[in-house]
Amino acid sequence: MERLPADALYEIFVHLSLPEILLGRSVCKLFHRTLTSPPFLGLLRPLPLLAIRGHVSPLPALHVLDPRESRWLRFSLDFLASPSASPVAASLGLLYLWVDSSESSQRSLAVCNPLTRRFRLLPPLGSAWARHGTVLVSGRRVLVLSELAVISLAGPEGPWQKFSSNLASKPRSPTVIGDSVFALCDVGSPWRSQWKLFWCRLSQLGRTHLWAPLERQDWNDVFDILKRPRLVPGVGNSILMIGGLKSSFALNSPCSTILIMLLDLETLKWDERAGGGWKAFGGMAMDSSEVFYLMLASLLCPDSDAIWGQKKLLHCFYDCVMDELKRLWKL
Amino acid sequence: MSESTEKKMVRLRSSDGEVFEVEESVAKVAKTLQDMLEEDCADAVIPITCVRAPILTKVIDYCKDQVMISSSSSTTNNPNERTEQERKAWGQKFMEGVDSSTLCELLVASNFLNIEGLLNLGVDKMVSMIQGKYPQEIRDMFNVVNDFTPEEEEEIRNQNAWAFERDPYYKKRSSSK
């Protein structure tokens, strides 16, 4: 075994599942070196990640989907040299998070690879950005968005390039579909939010009026019925908008249902998803996992229909996702 | 290939000194030997320094079979031609009974001689042997020495334990040790 050339070992382990690769690392030093080396990890397809902000511990829980076995693996982020961290984006197998440094009060943006247990701080941002910016990662490109500007990291070492923006408020859940960014923006008053969909092209960041509203008269009240809406990429050229159904006009009243709307970007028509009509989401019944799954599948594997319907994927982290959604939508 | 022309022979010497005489077409299945023969830089006997005789025998068997398929594939209704399924079955049969140390040597040989098909067969076999095994089983199977200190091993286990903590099968297996 020791005589095997590295290429042959790569070739063998690249055919094995992620748990087998992780177990293989503890066989001997040669295996450990091989299976943590950048050339080997470069052969693996980027893994879908799901990070959930920590409730119990200040570090988030990170789940990695092994597409070969269709199961979720939990990873530790204890290698982050930070007492707490808050995940904001994942792309191509890398996780982006805000980390709090123990020395200064300002948080920094970091990127880490859970498979190599290595992390790196991105070039520093101003404190306003660190406090209010929304992070968006498309491929390897990192953007931080606010109502007044978009900053883009030109290379791994920087610098940040700044482009002016034209939104009424901080863009919410920006989502990349193809070459375009879509985001929700609150154009309402401090007392009553009014969501609107905006979009811009990544290739036109220098433009004066960067963001353009995307609206149609026949959309009616699609944004009025949702509370705390979020965008996630849909399958193909579509966006999913997910939110709690507004059950009353009272501020911060709890939601009892979750609604998923799909916007087809070809026809610009909204459509309800998740089995027609309002889907009751109250309680913790497992039969609501379909709704859940639709959302997670599109969130994690926007181009994969194949794993749709495999409920077992969900079971592994059902509890923690539940906690997160309950918090998000005040269920 | 016409029977009337005399077949050119090539001699190969294994690391333990045994000399094998094979047809040039058989030797040329190995890209490394093909390059040497085409550049005419092969000596009377080509030394295959990292391959022992029993392994070289197996490699030559493989190459002979490849020549048999390719030399007859141009004719129609070729009895030797294989469907994808037959090819797979043949590969499995060829690797049947190959133990782990022979397999490693075969992989080293096919890598050195650059025989892609044999390398793939070896990799597939290796994958099927490692699949679903735990570290100690892999060490036992391939005579790999665990060269971690207990502290190092503990640390790596802890790093990876997260990935399996919700897997009852893994828990059962690791706690039974």
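Some values worked out for this structure:
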read-out: Residue under evaluation B:Arg157, criteria (1) open to solvent by less than 60 Å² (accessible area, probe 1.4 Å); (2) at the interface with chain A (Cβ under 7 Å from one of its Cβ atoms); (3) farther than 17 Å from A:Leu4 by Cα, criterion not met; value: (1)
read-out: Unmet requirement for A:Cys28, which otherwise passes all of (1) facing chain B (nearest Cβ under 8 Å); (2) farther than 23 Å from B:Thr102 by Cα; value: (2)
read-out: Unique residue being within 14 Å of A:Pro114 (Cβ to Cβ), in contact with a His (Cβ under 7 Å, 6 or more places away or on another chain) and at pLDDT 85 or above when the list is A:Arg74, A:Arg25; value: A:Arg25
read-out: Filter result for B:Glu151 (within 14 Å of chain A (Cβ to nearest Cβ), part of a helix (DSSP H, G or I), exposed (fewer than 12 other Cβ atoms within 10 Å of the Cβ) and modelled with pLDDT of 80 or more); value: yes
read-out: Helices (runs of 4 or more DSSP H) wholly inside the stretch B:100-148 that include at least 2 residues being under 22 Å from B:Arg13 (Cα atoms) and either touching a strand residue (DSSP E or B) at 6+ places or on another chain (Cβ under 7 Å) or at the interface with chain A (Cβ under 8 Å from one of its Cβ atoms) (or both); value: B:100-113
read-out: Some residue of the stretch B:79-93 being outside any helix (DSSP H, G or I), among the basic types (Lys, Arg), away from every other protein chain (no Cβ under 14 Å) and open to solvent by 30 Å² or more (accessible area, probe 1.4 Å); value: yes
read-out: Qualifying residue in the stretch A:125-141 (condition: touching a Leu at 6+ places or on another chain (Cβ under 9 Å), open to solvent by 70 Å² or more (accessible area, probe 1.4 Å), more than 18 Å from A:Ser86 (Cβ to Cβ) and without any contact (Cβ under 8 Å) to a residue 12 or more places away in the chain); value: no
read-out: Residue within the stretch A:5-20 that is surrounded by fewer than 18 Cβ atoms within 10 Å (Cβ to Cβ), within 7 Å of chain B (Cβ to nearest Cβ) and assigned to a loop (DSSP other than H, G, I, E, B) present; value: yes
read-out: Among the residues listed as A:Leu18, A:Leu43, the single one being in contact with a Leu (Cβ under 8 Å, 6 or more places away or on another chain), closer than 20 Å to A:Ser91 by Cα and not small (Gly, Ala, Ser); value: A:Leu18
read-out: Within the stretch B:23-47, tally of residues that are in contact with a helix residue (DSSP H, G or I) (Cβ under 6 Å, 6 or more places away or on another chain) and of a type in the set (Val, Ile, Thr); value: 3
read-out: In the stretch A:183-236, the residues that are assigned to a strand (DSSP E or B), of a type in the set (D, E, K, R) and either in contact with a Cys (Cβ under 7 Å, 6 or more places away or on another chain) or touching a residue at least 40 places away in the same chain (Cβ under 8 Å) (or both); value: A:Lys196, A:Lys227, A:Arg228, A:Arg230
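Yes/no per residue for (1) over 30 Å from B:Leu103 (Cβ atoms); (2) more than 14 Å from chain B (Cβ to nearest Cβ); (3) open to solvent by less than 30 Å² (accessible area, probe 1.4 Å); (4) modelled with pLDDT of 75 or more:
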| site | (1), (2), (3), (4) |
| --- | --- |
| A:Leu35 | no, no, yes, yes |
| A:Pro48 | yes, yes, yes, no |
| A:Pro67 | no, yes, no, no |
| A:Ala90 | yes, yes, no, yes |
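The values are calculated or read from the model by the stated rules, or taken from the named source; none is laboratory data. Nothing here was measured: the structure is a model prediction, and the numbers come from that model. Please note: Cβ atoms are built from the backbone with ideal geometry, for glycine as well, and neighbour counts cover all protein chains shown. Calculation scope for accessible area: heavy atoms of the full protein, side chains included, ligands and nucleic acids excluded. Shrake-Rupley method; radii C 1.70, N 1.55, O 1.52, S 1.80 Å.
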